[in-house]
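Structure first, commentary second.
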Amino acid sequence: MEKQKLPNVTISLILGIVSFVACCCSSGIGGVLLSGIALFLANKDKKTLQESENPEIYENASQLKTARTIAIIGLALGVLSLIISIVYIISLGGIDAYMEQQRQTMEQFGL
């Protein structure tokens, strides 16, 4: 019997890895979004694998656990980063004070 690939494992791995970078660059929102999508796709493939009568036909089934683990770690980091960002904004006095500080920082660097 010919080997098949689970359709979403590779994209789940890529989204999970990119979510690590997105956690830092988007105050956690991008990390939560990307890792959430990666976890959804990985769980979809896990369900496909469990419902299969012959799970040995999937050649990338071993990568599924790795994709889920990376997505869960990315989700945890994204949520943590988002919480820290919210606490930081609240401690500054709200979104207006946060935006003013960002504007001053950009002016300081000439952006």
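Would you check if there is a residue in the stretch 53-61 being closer than 30 Å to Met99 by Cα and either aliphatic (A, V, I, L, M) or part of a helix (DSSP H, G or I) (or both)? The answer is no, given that none of the residues of the stretch 53-61 is closer than 30 Å to Met99 by Cα and either aliphatic (A, V, I, L, M) or part of a helix (DSSP H, G or I) (or both).
Evaluate the stretch 81-93: report whether one residue or more is part of a helix (DSSP H, G or I), closer than 13 Å to Ser12 by Cα, open to solvent by less than 60 Å² (accessible area, probe 1.4 Å) and out of contact with any Ser or Thr (no Cβ under 7 Å at 6 or more places or on another chain). No: the stretch 81-93 contains no residue that is part of a helix (DSSP H, G or I), closer than 13 Å to Ser12 by Cα, open to solvent by less than 60 Å² (accessible area, probe 1.4 Å) and out of contact with any Ser or Thr (no Cβ under 7 Å at 6 or more places or on another chain).
Among what's in the stretch 28-58 and is surrounded by 18 or more Cβ atoms within 10 Å (Cβ to Cβ) and among the small types (Gly, Ala, Ser), pick the residue that is nearest to Ile95 (Cα to Cα).
Gly28
Whether a residue is modelled with pLDDT under 85 and open to solvent by less than 60 Å² (accessible area, probe 1.4 Å) was assessed, and Ala61 passes this test. Which residues, taken from the stretch 3-23, are at pLDDT below 95, over 14 Å from Ile73 (Cα atoms) and open to solvent by 40 Å² or more (accessible area, probe 1.4 Å)? Residues satisfying the conditions are Lys3, Gln4, Lys5, Pro7, Thr10.
The values are calculated or read from the model by the stated rules, or taken from the named source; none is laboratory data. Computed from a predicted structure; not experimentally measured. Here the Cβ is made from the backbone with ideal geometry for all residues, glycine too, and neighbour counts use every protein chain on show. These area figures cover heavy atoms from the full protein model, side chains too; ligands, DNA and RNA do not enter into them. Shrake-Rupley method; radii C 1.70, N 1.55, O 1.52, S 1.80 Å.
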